[in-house]
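Before any comments, here is the structure.
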Amino acid sequence: MPLRARIAAALVLLYAQPVSRIVRLTTDDVIDDETTVTARLGDPPSPLPEPVADLMRAYMQFRQHLPYASSRSSQWLFPGRQPGQPMDPVSLQVHLREIGVPPQRGRTSAVRQLVLQAPAPVIAKALGYYDKTATRLVTEAGETWSRYAPGVHQR
């Protein structure tokens, strides 16, 4: 299974990232401090669990050996064939489908699961979603978090 597709699948299935956002990530969005690998998907950067962190480290090494010289020097995490351009989102969707990951349904399932585990505003901020989108997904998933009050609670 191609490493690029495995990394993209992890970002879709674990962090509910749309393919259009995944292809816009840069190498600067991946932070490896030798202990933890994080990805800037929202604020704060999201830690990658150990199996995915190892895959990301391997992918970052693999990028140095891409067949296109323009891709090796590119800052895009998923460089395209055209110099200075990211990978086409449709191409990445095809790769994901080939390995059995339906991007839209996988992303929807992931975000629905995440909003059941934490309040929508928290998930929205961590994953770079709009609050309204996360709130709509919470309602669809059946959890309201109606008693959660985001923000600083000091008197």
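What's the carbon and sulfur percent of the stretch 1-56's accessible surface, probe 1.4 angstrom, rounded to a whole number? That share works out to 55 percent.
Taken per residue, the accessible surface of the stretch 1-41 reaches 46 Å², heavy atoms only and a 1.4 Å probe.
The largest-to-smallest principal axis extents of the Cα set in the stretch 1-111 are 37, 33, 25 Å.
Amide H to amide H, with H built 1.01 Å from N, VAL37 comes under 5 Å of LEU48, counting only residues 5 or more places away or on other chains. Counting only protein heavy atoms and using a 1.4 Å probe, the accessible area of LEU41 comes to about 20 Å². Taking Cβ atoms as reference points and 12 Å as the exclusive limit, the residues near ARG21 contribute a net charge of +2, counting Lys and Arg as +1 and Asp and Glu as -1.
The values are calculated or read from the model by the stated rules, or taken from the named source; none is laboratory data. Since the model is a prediction, treat every value here as computed from it, not as a measurement. Please note: Cβ atoms are built from the backbone with ideal geometry, for glycine as well, and neighbour counts cover all protein chains shown. Ligands, DNA and RNA are stripped out before the accessible areas are found, and what is left, the full protein with its side chains, is counted by its heavy atoms. Shrake-Rupley method; radii C 1.70, N 1.55, O 1.52, S 1.80 Å.
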